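Any read-out appearing in this document is the output of simple, stated calculations on the displayed coordinates, not a laboratory observation. Given the structure is predicted, the values throughout are model-derived calculations rather than measurements. Glycine gets a Cβ as well: all are built from the backbone with ideal geometry, and neighbour counts include every protein chain shown.
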Ligand code: SAH
């Protein structure tokens, strides 16, 4: 990312982060997050969206548990100051920045200060929240208009500046934001304004987040129902005849991994391959990487091998990361995929093959079983005597493949392209594990099993109900040898295969 460059003019992006589900970020929001160097964010920005900003400087300006939020003037001045320092700033807000987000005030101050800014609208919780509960805000059968209001008030007294009577007369669906802690007052206002106490209402908590909950009722009983269910923050209220449509349309709980929490122990980077597949099935994913993929400290050996790559008969890529770091090295050395033209190319499995194909290389050989030993056997049967093979992998990675090739009389060079750095498990992740909140732990390598168990104090640190999913036999063998009972080994030893094995085992087929 770019650093502070005093001379250059800064810029501020006022970005809507959506209601929480990272899949609801806009493409422009993601582009902005990739291009800025500092993020100024609020309490309502979803935790998984925040994970995407890990490499950036982050400034929190939301409310703390016991403290007050940073006041609006100070936020405005902070944005101006950062921009005048030449920083590229993402001002990240929950939902849409201009729907009760005070984005308008920030934009006005930036304009006044002559700072360049761009507004990136977001998906508002007022529409997406009901949608995730199976409630369309309009529907030809039930509502032809909707309004979004706030029940927030400055001081004690009636809800500020809302003409409830006009609202209920003129509008079918009413979405109330910032109203869940004052639900009694909101209900009273609506009944006073003329709505029947049998009028349908829903309260949706943590919409689009893993813990989403909905309570439905009527104006007459919703306050008591929400209190019984201990509905907390953030939550929104939907009022109108669209609410009962959820009976047919509610879809979230039908996904096969709904209500299932999976801990993913691999470094998913920004793309979140495994997490993404699991989330799309409805799982709550706890990202608890035990290793992080990093560039090598000294890339001279890698660069030297890149410059002689065409001299090898075969080039083998032993992971997706190997592909990405080798291509970075090619670029650094002002080369590209054509450097591989004289060689035959092999990938350890379909994921790695796909990464090569994305870069214009179709591998000549992918073994049937996706483990390095079988790649060795497959290669040996293909090689002419005395072949030379260049294998790209992780620093300190497995050597079996090179050993197999050498003992078959070939010349094998094992060149690290990146390294895995051990990372400590976050205390919250460990606590979730120990408390039995994690239904499944997914392991994609032996080292991740070892590191997780080190942090948890051995297999006994995991409650007996925790189910274990492993990508392949080698990982499973390590898990068993350390005292874990492996619930499933992926039928196909890929991230896709692992995700679908978990889904098959964990999720009942939904009844439609
Ligand atoms: N700009 C935001 C709204 C900010 S006001 C948007 O467009 O969504 C804050 C209120 O929004 C909260 O008090 C709550 O009523 C609602 N809200 C925001 N995110 C929510 C979520 N994930 N689930 C339920 N309500 C949410």
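Remarks
- Counted over all Cα-Cα pairs of region 55-210, pairs farther apart than 25 Å make up 43 percent.
- Theoretical gain in end-to-end length, residue 163 to residue 337 [0.36 nm per residue, Cα-Cα removed]: 56.1 nm
- Computed [θ] at 222 nm, deg cm²/dmol, the chain (DSSP H ≥ 4; -39,500 (n - 2.57); rounded to nearest 500): -9500 deg cm²/dmol
- Neighbour-count ranking [beta-carbon atoms within 10 angstrom, fewest first] of 444, 487, 138: 138, 487, 444
- Rg to Rh, two decimals, where region 258-342 supplies the alpha carbon set and Rh follows Kirkwood: 1.14
- One quarter of the surface of the convex hull around the alpha-carbon atoms of region 413-512 equals 8.4 nm², the direction-averaged projected area.
- Descending principal axes extents, region 427-474, alpha-carbon based, whole Å: 28, 19, 17
- Of all beta bridges that DSSP places with both ends in the chain, some 25 percent have antiparallel geometry.
- Between 0 and 90°, nearest 10: helix 446-456 axis offset from the chain longest Cα axis: 50 degrees
- Förster-model FRET efficiency, 56 Å R0, residue 421 and residue 196, C-beta, rounded to 0.05: 0.35
- Percent of Cα pairs exceeding the 25 Å cut-off, where the set is region 228-386: 52 percent
- Taking only the C-alpha atoms of region 333-444, Rg followed by Dmax gives 18.2, 57 Å.
- Binning the C-alpha pair distances of region 123-227 at 10 Å intervals from 0 yields a P(r) profile of 14, 49, 34, 3 %, listed from the shortest bin outward.
- Cα radius of gyration and Dmax for region 103-150 (Å): 16.2, 49
- Convex hull per residue volume in Å³, alpha carbons only, for the chain: 178 Å³
- Sequence of 381, 321, 35 once ranked by neighbouring C-beta atoms within 10 Å, starting from the fewest: 381, 35, 321
- Surface/4 estimate of mean projected area, convex hull on alpha-carbon atoms of region 404-444, nm²: 5.2 nm²
- Note on region 174-266: Rg/Rh from C-alpha atoms, Kirkwood Rh, equals 1.04.
- Nearest 10 degrees, 0 to 90: helix 495-506 Cα axis against the chain principal axis: 60 degrees
- Rounded to the nearest whole angstrom, the semi-axes of the ellipsoid equivalent to region 234-284, taken from the Cα gyration tensor as √(5λ), stand at 30, 13, 9, largest first.
- Angle in degrees between helix 183-192 and the longest Cα principal axis of the chain, rounded to the nearest 10: 40 degrees
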